[in-house]
1. Would you pick out the residues in the range 147-188 that are more than 16 Å from the chain's Cα centre (by Cα), within 13 Å of Y135 (Cβ to Cβ) and aromatic (F, W, Y)?
2. Can you say whether D57 is out of contact with any Gly (no Cβ under 8 Å at 6 or more places or on another chain), not assigned by TED's automatic domain parsing to the domain that holds I7 and not small (G, A, S), as far as the supplied structure shows?
3. Of all residues in the range 95-108, how many are within 15 Å of the ligand (Cβ to nearest atom) and out of contact with any Lys or Arg (no Cβ under 9 Å at 6 or more places or on another chain)?
4. Going by what's in this entry, would L79 be described as assigned to a loop (DSSP other than H, G, I, E, B) and open to solvent by less than 90 Å² (accessible area, probe 1.4 Å)?
5. Any residue in the range 37-45 that is within 19 Å of Y135 (Cα to Cα), surrounded by 14 or more Cβ atoms within 10 Å (Cβ to Cβ) and not hydroxyl-bearing (S, T, Y)?
6. Within the range 12-36, work out how many residues are at pLDDT below 90 and either in the same structural domain as W110 (by TED's automatic domain parsing) or open to solvent by less than 40 Å² (accessible area, probe 1.4 Å) (or both).
7. Could you check the range 120-139 and list, in sequence order, the residues that are more than 17 Å from L169 (Cα to Cα) and within 13 Å of the ligand (Cβ to nearest atom)?
8. For the range 140-175: of the residues being under 15 Å from Y90 (Cβ atoms) and open to solvent by 30 Å² or more (accessible area, probe 1.4 Å), which is farthest from the ligand (Cβ to nearest atom)?
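The values are calculated or read from the model by the stated rules, or taken from the named source; none is laboratory data. Quick caveat, the model's predicted, so the values are computed rather than measured. Note: ideal-geometry Cβ built from the backbone for every residue, glycine included; neighbour counts use all protein chains shown. Note: accessible area is taken over every heavy atom of the protein model, side chains too, but ligands, DNA and RNA are not part of it. Shrake-Rupley method; radii C 1.70, N 1.55, O 1.52, S 1.80 Å.
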Amino acid sequence: MDKKIFINGGKVDYDIIRRKIKHPRLEFKTGKLILILPENYKTPEKIIEKHLKWIQDKLEVIEKSRLCKLNFDRDENDLKEDIFRFVSIYSEKMELVPGEIKFRKMKKRWGSCDNKGNLKFNTRMKYLPDKLIEYVVFHEMGHLLEFAHNRNFYDIIFAEYPEYKKLDLELSIYWFAIYSHTNNFKDSDN
Ligand SMILES: [Zn+2]
């Protein structure tokens with residue numbers, strides 16, 4: 001189902017997906033607004049209204065991503081080396097060691113940490129500047145101390161990266177830039 005709304009005088013396309021969930025949520029991971037709604041949810045317009053500021057911020061990020069310069073000098077092996085290097089730096093600093101470290105292309109996130117302490121990183125991080133790769137590594141290693149994205153977790157992040165909100169914003173700009181560059185994540189290179 002393809003629908004449109006007008007925001008700031010511009011046309012914004014969106015899709016509605018119905019799922020067996022309790023609360024509606026919005027997603028923008030593909031550069032297109034997706035409303036994920038409970039099966040009997042009647043008023044999608046209200047959810048758009050309620051999150052208008054969030055939607056406007058995302059549109060701004062997508063706009064900025066057009067000017068974003070990707071790093072094409074790093075291949076996947078370089079990325080792995082860099083990530084292992086940052087992991088070992090933080091292992092020493094934080095006095096903890098993660099489980100296995102894996103790499104794969106991911107469509108929704110930069111990295112993840114499972115409850116056994118294994119870390120997984122998105123190979124599309126190769127297009128990021130060093131600083132952001134290091135930051136993502138620290139984020140995932142932070143989950144070895146605190147699994148949830150709660151206050152405690154963000155205190156850990158803040159202690160190392162007081163500017164973490166700015167870095168998160170940069171990461172979302174890169175997210176959409178990489179999305180476009182890889183033809184909507186349909187790239188097949190390794
Ligand atoms: Zn996280």
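1. F158, Y161
2. Values: out of contact with any Gly (no Cβ under 8 Å at 6 or more places or on another chain): yes; not assigned by TED's automatic domain parsing to the domain that holds I7: no; not small (G, A, S): yes.
Taking the combined requirement at face value, the residue does not satisfy it.
3. As a first pass, look at the range 95-108 and keep what is within 15 Å of the ligand (Cβ to nearest atom): 98, 106, 108.
From what is left, the residues that are out of contact with any Lys or Arg (no Cβ under 9 Å at 6 or more places or on another chain) are 98.
So the count comes out to 1.
4. Numbers: assigned to a loop (DSSP other than H, G, I, E, B): no; open to solvent by less than 90 Å² (accessible area, probe 1.4 Å): yes.
The answer is no for L79.
5. Step one: list which residues in the range 37-45 are within 19 Å of Y135 (Cα to Cα), which gives none.
Checked against the condition, which is being within 19 Å of Y135 (Cα to Cα), surrounded by 14 or more Cβ atoms within 10 Å (Cβ to Cβ) and not hydroxyl-bearing (S, T, Y), the range 37-45 yields no hits at all.
6. Filtering the range 12-36 for residues at pLDDT below 90 gives 12-13, 28-32.
Add one more test, that the residue is either in the same structural domain as W110 (by TED's automatic domain parsing) or open to solvent by less than 40 Å² (accessible area, probe 1.4 Å) (or both), and what stays is 12, 28, 31.
Result for the range 12-36: 3.
7. Once the filter is applied, which keeps residues that are more than 17 Å from L169 (Cα to Cα) and within 13 Å of the ligand (Cβ to nearest atom), the range 120-139 yields K120, F121, N122.
8. Step by step, filter the range 140-175, then rank; the result is A159.
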